[in-house]
Amino acid sequence: MPPTELVLQILVNGLLLGGIYAVAALGLSLVFGIMDIVNLAHGHMLMLGAYVAILLFAAAGITPLIGMFVAMALLFVLGMAIQVLVLDRVVDEGIEQPIIVLFGLALVLQSLGRIVLGSDARSAEVGISGQSLEIGPVLFSFPRTVTFVVSVALILATWAFLRYTTTGRAIRATAQNRDAARYMGIDTDRIYVITLGIGTALAGAAGALLSMLFPITPFVGWSYLLKAFAVVVLGGVGSIAGTLVGGLVLGVSENLGTLYLGGGFRDIISFTIFLLVLVVRPQGLFGTGGGDGE
Amino acid sequence: MVDSATGNSRRQYLKTVGAAGAAGMTGLAGCTAFGGSGGSGTLTIGATVPETGSFSSLGQDVRRGYELGVARMNDQLDQEVEIVIQDDESSADQVRQSLQQITSNNDVDMIWGSFSSLLVTAGSAFAENQGIPFLGAFFAFEGPHRNEGYEWTYSPFPKSRDVARSTQGLLELIPEDERPSRVGIWEPNSGWGAEQADAWESTLSDAGYDVVLRETFSLGSEDFSTLISQSQSQEVEILLSNPTPPGGITSINQMQANDYTPEVLKYVRAADPTAWWSALGQKGAYACMCPGWVPGMTGNGNTDLQSAYESEYGLDQGQLIPTAVGGAYNVAQVALQATQAAESTDPGAYQSALRETEFGTVIGDFTFESNGLPTEGELTAPTGQWWDGGQHTVYPDVDGDAAMDFEYPMTPWGER
């Protein structure tokens, strides 16, 4: 039986990791919930955000916590451009066309990343990288704790935006019933553009945060997409609170599962949970099936 | 180089031991004695190296080692030697595709490559299927040699058992009253991961060490926090693992954040590339690796390798040759000596030469068993240690300029 201190430490590690999973999934959940599109390029957009932060850090010493805002801005524009130039042309042609387009986009981003940036793993090692905070028997890794706090702040900000702003309410209305929203005077095409922009910007933010913790290569997109997808299914499509809880559940399950079953089971644990939720509660822990963005 | 720890003797009957062995011992320094391979026309070698993907940080070094070796082969042989190299993107599928393409477009006499057991076994499977002699370094996995019925695959490289024995030798450099005893093994969930962990566990347990932790992780995993916490909890003093280079670098950062420094750290493969130092700097110091060849080794052409590398690529004051260059160069030395012994580029003649020759290369003197394994006990796996930006031989205790005394214990990350 592992000692209590070890279990506590691993629980904390899992929670901190879960916060990171949650923010990685947030943009995917938003786009999925509101536009009914599975953004297969989400992981690759996250990779782009990570590279923006890494390059800013390498070139000018800008911490990814600041670089994150640059990544968000750039990816917001990229997301809007993708919606206007590509997805708008196929969005009304069923669910397959956007998926195929986004799959192609993911491949393009990965190949471009490999050609332009090379395939060596890079990360942004900032001043806090090696520091930690000791509370009782448990050690809080500083970079993970900071990333967790920023992740939760981003999740809360997204929730507040959808809840309290006019644009946020228009997004939620569009998610509930696109035609009815249009009849009520909402420019749903514009809402879609903004939504993909926000979803992409959140992927960029997640990437920037992850660049402080994990090595980034042009090939990481698919693995983060799978994790994010598991979180979205677990928490419930379009549910902000569900995304946070889904991320935490996944992070804790993976870490405790690794402790008790062994590290080889890590991904098996994630995807077993994913399958169980799909079978037992397909709408996820917090999902209503409607995707109202809350 | 004979590992005295095992006492195993070399193969008794070696048809061409004199010729090929002498070529290695003299550093291949003269073409008159063994100048003719007997073949005519061009000797064509097909190879893949990981210039992109997870092993890309070593791809360039492997290529350089091959190319320096081929230049030496061209100096030594009467026939022209050419090498056709493609990037395998660190992917087993791409290894097969690239080799298919190379052999379709060229009359290939021999295949080399790539890096890591994952990629080398893919190349080997192709070569076995085609009946082409195959030389694979950076391939410590013994299992395929024993289980796959290899006829054409030969691996001039220390294997899992040699790595484990070298680890024991390294630890025995520490005075007995200061020697740590609590061993932790982080085992990648791969065939070689399990084999290497078994070898470490049995060798070190037999030598009286206490293996207090053996936990698996998924290759490609980026979160080592659970393993770190478990190692802390078990008070692991000697940490052994064989992760990929990016994984190893990430784990060091996470160890620092978790305030855990083992007294001895040996990362086979992860600490091999120069990217280790460029990513970690002083945090990478003291880490040990077992890359097959390390600067500091002497004899068997090491001086020639040093001067050839320096002249081709330049070395700043104090800079050392990357380890993968030596491992790759050793492949070319084996190919050269096999070609000389075979006196033909016929695959069967190569096969006989590989089975019957004693080779002398920058990594040591050895023969092959019929399954392509270096004969047990002949090769000592040199252990290197990162120190001041260079990888230095610390075990065995050799007199090379780049060798140094084993630095122990590791200074905690936070104090560097």
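Using Stokes-Einstein with the Kirkwood hydrodynamic radius over Cα pairs, what translational diffusion coefficient do you get for region B:170-310 at 10 °C and a viscosity of 1.306 mPa s, in µm²/s rounded to a whole number? The Stokes-Einstein estimate is 99 µm²/s. Since only B:Ala285, B:Tyr209, B:Pro50 are under comparison, the one whose Cα sits farthest along the positive direction of the charge dipole of chain B, derived from C-beta charges on Lys, Arg, Asp and Glu, is B:Pro50. Cross-link partners of B:Lys283 among aspartates and glutamates, defined as those whose alpha carbon lies under 13 angstrom from its own and excluding same-chain residues fewer than eight positions apart: A:Glu125, B:Asp259, B:Asp388, B:Glu415. Taking the centroid of alpha carbons for each part, region B:175-200 and region B:370-416 are 16 Å apart. A simple spin-label model places the labels of B:Ser307 and B:Glu178 3.9 nm from each other, with each point 7 Å out along Cα-to-Cβ. Placing B:Phe157, A:Phe229 in order of accessible area, with the largest value first and a 1.4 Å probe, yields A:Phe229, B:Phe157. In this structure the amide hydrogen of A:Ile216, modeled in the peptide plane, comes within under 5 Å of the amide hydrogens of A:Arg122, A:Ser123, none closer than 5 places in sequence on its chain. Is the shape of chain B rounded, prolate or oblate, going by the alpha carbon gyration tensor and its root eigenvalues a ≥ b ≥ c, with a/c under 1.5 for rounded and a/b larger than b/c for prolate? Verdict is prolate for chain B.
Using just the C-alpha positions of region B:265-339 as equal point scatterers, what log10 of I(q)/I(0) does the Debye formula give at each q in 0.15, 0.21, 0.24, 0.26 1/Å? Computed log10 I(q)/I(0) values: -0.58, -1.02, -1.21, -1.30.
With Rh defined as the Kirkwood radius, the inverse of the mean 1/r over Cα pairs, the Rg/Rh of chain A is 0.97. Principal axis analysis of the Cα atoms in region A:169-250 yields extents of 47, 25, 18 Å, listed in decreasing size. Put a plus charge on the Cβ of each Lys and Arg, a minus charge on the Cβ of each Asp and Glu, and nothing anywhere else: the dipole of the protein assembly as shown about its Cα centre is then about 2620 debye. Divided by 2.2 N^0.38 Å, where N counts the residues, the Cα radius of gyration of region A:21-167 comes to 1.20. The Cα-based radius of gyration of the protein assembly as shown, divided by its Kirkwood radius, gives an Rg/Rh of 1.02.
Each of A:Leu209, A:His44, A:Leu156 was scored by the projection of its Cα onto the charge dipole of chain A, and the greatest displacement toward the positive side belongs to A:Leu156; charges sit on the C-beta of Lys, Arg, Asp and Glu.
Of the solvent-accessible surface of region B:117-202, computed with a 1.4 Å probe and all protein chains present, 42% belongs to carbon and sulfur.
B:Ser278 to B:Glu407: extension gain in nm, 0.36 nm per residue of separation minus the Cα-Cα distance? Taking 0.36 nm per residue and subtracting the Cα distance, the gain is 44.4 nm. Taking every Cα-Cα distance in region B:226-383 and sorting them into 5 Å bins from zero, the calculated P(r) comes out as 2, 8, 15, 16, 14, 13, 12, 9, 6, 3, 2, 0 percent. Only Lys, Arg, Asp and Glu carry charge here, each on its Cβ (+1 for the first two, -1 for the last two); on that basis chain B has a dipole of about 360 debye about its Cα centre. Between B:Glu82 and A:Thr167, the FRET efficiency from the beta-carbon distance, with R0 = 51 Å, is close to 0.20.
Counting only alpha carbon atoms, the long axis of helix A:42-60 and the longest principal axis of chain A meet at about 60°. A dipole drawn for region B:236-393 from +1 and -1 charges on Cβ atoms has a positive end, and of B:Tyr329, B:Thr298, B:Val236 the residue lying farthest that way is B:Val236.
Taking Cα atoms only, the orientation of helix A:64-85 departs from the longest principal axis of chain A by about 30 degrees. Applying 1/(1 + (r/R0)^6) with r as the Cβ-Cβ distance of B:Arg146 and A:Ala81 and R0 = 45 angstrom yields a FRET efficiency of 0.20. The residues of region A:97-120 occluded by other protein chains by 50 Å² or more of accessible area, set against the chain on its own, are A:Arg114, A:Ser119; surface from heavy atoms, 1.4 Å probe. The string of couplings for region A:91-104 from the Karplus curve (6.51, -1.76, 1.60, θ = phi - 60°) is 5, 8, 9, x, 7, 6, 4, x, 5, 5, 4, 5, 5, x Hz, one whole number per residue in order, with x for Gly and Pro.
Using the Cβ-Cβ distance between A:Thr63 and B:Glu376 with R0 = 51 Å, the FRET efficiency computed as 1/(1 + (r/R0)^6) comes to roughly 0.45.
Helix B:323-342 versus the longest principal axis of chain B: what angle, 0 to 90°, nearest 10, using Cα atoms? Helix B:323-342 and the main axis of chain B meet at about 30 degrees. In terms of its C-alpha gyration tensor, region B:154-230 has an oblate overall shape, because the principal axis ratio a/c (a ≥ b ≥ c, square roots of the eigenvalues) is not below 1.5 and a/b does not outweigh b/c. For the residues of B:181-193, the average number of beta carbons from a partner chain within 10 Å of their own beta carbon is 1. With the simple model of a label 7 Å out from the Cα in the direction of the Cβ, A:Ala73 to B:Asn74 spans 5.3 nm. How many square angstrom of accessible surface are buried between B and A, both sides summed, with a 1.4 Å probe and rounding to 100? Interface area, both chains combined: 2200 Å², rounded to the nearest 100.
Ordered by solvent-accessible area of protein heavy atoms (1.4 Å probe), largest first, the residues A:Lys227, B:Lys266 come out as A:Lys227, B:Lys266. Residues in the protein assembly as shown average 36 Å² of solvent-accessible surface per residue, probe 1.4 Å, ligands and nucleic acids excluded.
The values are calculated or read from the model by the stated rules, or taken from the named source; none is laboratory data. For clarity, every value in this text was computed on a predicted model and none was experimentally measured. Here the Cβ is made from the backbone with ideal geometry for all residues, glycine too, and neighbour counts use every protein chain on show. What goes into the accessible areas is simple: the full protein's heavy atoms, side chains included, and nothing from ligands, DNA or RNA. Shrake-Rupley method; radii C 1.70, N 1.55, O 1.52, S 1.80 Å.
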